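Novice: Structure in structure tokens, see below.
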Amino acid sequence: MSGRDEIGVGLIGLGTIGTGVAKVLQRNAAEIEARLGCPLRLVRIADLDTERDRGVSLDGIRFDSDAEGLIDDPGVDLVVELIGGYDVAQRLITRALSAGKSVVTANKALLALHGKALFDAAEKGGADIAFEASVGGGIPILRSLREGLNANRIESVRGIINGTTNYILTEMERGGEDFEVVLKRAQELGYAEADPSFDVDGIDAAHKITLLAAMAFGAELTFEEVPTEGIGQIEPIDIDAAAEFGFRIKLLAITKLHREGGEPRLEVRVHPTMVPASSLLAKVDGSMNAVAVAGDAVGPTLFYGAGAGELPTASAVVADLIELARERRRAQVGRVAPLSYLPHTMRPLPLLPLGELEGRAYLRFQVLDRPGVLAQIGALLGDQGISIESLIQKGRAEPGGSVPVLVLTHPASEAAIRRALDGIDQLPDVAAPTRFVRIEEDL
Ligand code: HSE
């Protein structure tokens with residue numbers, strides 16, 4: 001980037017994820033610059049199809065089908081490979097690395113087969129290869145293994161790491177739709193691989209667990225060595241039986257390092273698995289992914305998020321770009337932001353008053369058990385525009401005693417609830433201050 005105070009990105013492959021990368025780089029340009037200290041600009045794109053409208057603005061970006069030209073372009077500092085597949089992708093990545101240009105890729109199939117050759121090429125070229133998006137979509141699981149958990153001896157990594165099969169199994173459980181219909185929808189939503197048998201037969205999960213085993217244990221293996229079974233044999237009768245026995249069926253990818261005895265041995269496998277219905281992994285539905293990592297110091301941890309799709313996967317690609325760009329900045333200008341944001345971009349932000357919160361609420365009134373009490377409470381709530389969704393009265397009081405009345409409200413502002421409670425708690429028939437618990441939805 002000599003002479004330019006920006007870092008130039010070249011993107012090879014403008015499919016679903018590539019389009020997401022262009023969107024995220026544009027949409028979050030100001031945030032990224034505040035973290036990095038200079039713009040991270042998409043300067044060039046290469047794709048065989050230069051005609052199709054992807055619904056993203058490409059103004060000011062050179063767009064043609066010349067991937068080699070993109071790599072050799074002095075305006076391109078970092079290269080993103082999102083074409084997938086083996087031969088062409090490997091050739092392009094190797095060309096970039098050999099030219100000393102770091103590469104971001106989501107190509108788990110290539111890494112899980114030819115990772116060693118690519119990492120050797122990176123070392124020789126003095127460049128990096130980053131691949132967060134290749135496992136778990138938007139979940140920063142590789143970064144967590146490499147950084148947040150690197151004080152540990154990792155004991156196991158177990159996860160749901162294929163969104164398509166998790167989506168299919170979830171839909172099969174809900175009943176009704178045919179396998180083919182659900183698979184087609186997963187393809188339309190951009191979850192499925194170009195060859196969906198990679199998803200259904202567990203191959204995509206085998207690619208990913210290969211990379212996780214490398215990150216967790218330094219295990220050098222190829223995905224072909226991973227015992228792999230897909231979900232093809234699972235029928236609705238199995239899903240129903242699992243539920244009756246207290247389980248759910250998930251396609252799990254598992255790796256553990258057995259250190260007992262002499263030489264450590266690697267356990268690695270992908271297959272449909274019954275997991276206790278009460279477990280956290282059992283609650284991971286649809287295209288969501290989750291990875292459970294156990295370390296000797298940290299104990300069990302769980303990482304959850306969108307495992308596929310345009311923007312979640314783009315989130316991981318762009319995070320890699322920012323990390324690589326930070327490394328370049330460190331080499332060029334020395335200090336980089338210690339807190340993610342550069343100190344001069346940080347500023348105090350006004351706090352949102354709690355009264356402006358809006359949501360449903362749980363209220364516990366303690367009232368004398370007399371006719372008309374609820375009408376008075378209802379009126380004071382109504383005066384503030386608060387309506388009741390459900391109401392329960394527990395038991396009956398001794399004469400002169402009080403009973404709890406439990407209310408769930410429809411969404412209301414906290415200021416309105418506070419005003420209503422100020423009045424309600426003054427009523428002679430209210431025996432104790434009302435308890436108020438906020439409800440957080442969409443968790
Ligand atoms: N086909 C993959 C999946 C996409 O369904 O999880 C994300 O790697």
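Bear in mind that the values in this text are calculations on the coordinates, not laboratory data. This structure is a prediction, so every number in the text was calculated from the model and none was measured. So basically every Cβ, Gly included, is an ideal-geometry build from the backbone, and we count neighbours across all protein chains shown.
Novice: What is the local net charge at Glu440, summed over the other residues whose Cβ is closer than 13 Å to its Cβ (Lys, Arg +1; Asp, Glu -1)?
Specialist: Neighbour charge sum, excluding Glu440 itself: -2.
Novice: Enter the per residue convex hull volume of region 95-236, computed from alpha-carbon coordinates, in Å³ rounded to the nearest integer.
Specialist: So the per-residue hull volume is 128 Å³.
Novice: Name the residue from Pro399, Ala420, Gly378 whose Cα lies farthest towards the positive end of the charge dipole of region 354-438, charges +1 on Cβ of Lys and Arg and -1 on Cβ of Asp and Glu.
Specialist: Result: Pro399.
Novice: Continuing with the same structure: With only Lys, Arg, Asp and Glu charged, each at its Cβ (+1 for the first two, -1 for the last two), find how big the charge dipole of the chain is about the Cα centre; round to the nearest 20 debye.
Specialist: In total the dipole reaches around 1580 debye.
Novice: Highest mean first, how do 392-403, 93-104 rank when packing is the count of other Cβ atoms within 10 Å averaged over residues?
Specialist: The most tightly packed comes first, giving 93-104, 392-403.
Novice: When only alpha-carbon atoms are used, what values of Rg and Dmax, in angstrom, describe region 354-438?
Specialist: Answer for region 354-438, Rg first and Dmax second: 12.2, 40 Å.
Novice: Over all directions, the average projected area of the alpha-carbon convex hull for region 275-362 comes to how many nm²?
Specialist: 11.5 nm²
Novice: Still on this structure: Per DSSP helix of 4 or more residues, -39500 (n - 2.57); summed, then divided by the residues of the chain. What does that give at 222 nm, rounded to the nearest 500?
Specialist: Result for the chain, helices only: -10500 deg cm²/dmol.
Novice: Could you work out the Rg to Rh ratio of the chain, with Rh taken as the Kirkwood radius (inverse of the mean 1/r over all Cα pairs)?
Specialist: When Rh is taken as the Kirkwood radius, the ratio is 1.08.
Novice: Also, I was wondering about something else. Just to check I understand the Karplus step: with θ = phi - 60° and J = 6.51 cos²θ - 1.76 cosθ + 1.60, what whole-Hz values come out for region 341-346, glycine and proline as x?
Specialist: 8, 5, x, 6, 8, 7
Novice: Excluding Leu363 itself, what net charge comes from residues whose Cβ is under 14 Å from its Cβ, given Lys and Arg +1 and Asp and Glu -1?
Specialist: The answer is +3.
Novice: Let me check against my output: what whole-number percent is the relative contact order of the chain, with C-alpha pairs under 8 Å and at least 6 apart?
Specialist: That works out to 15 percent.
Novice: Can you pull the Rg over Rh of region 209-326, Cα-only, Kirkwood?
Specialist: Reported Rg/Rh, Kirkwood definition of Rh: 1.01.
Novice: Quick one: how many lysine pairs does the chain have with C-alpha atoms less than 28 Å apart and a gap of 8 or more or different chains? Give me the count, please.
Specialist: Value for the chain: 26.
Novice: Kindly rank 160-168, 258-266, 234-242, 327-335 from highest to lowest mean number of other beta carbons found within 10 Å of each residue.
Specialist: 160-168, 234-242, 327-335, 258-266
Novice: Sort the following peptides by mean Cβ neighbour count (other Cβ atoms within 10 Å, averaged over residues), highest first: 203-216, 48-61.
Specialist: 203-216, 48-61
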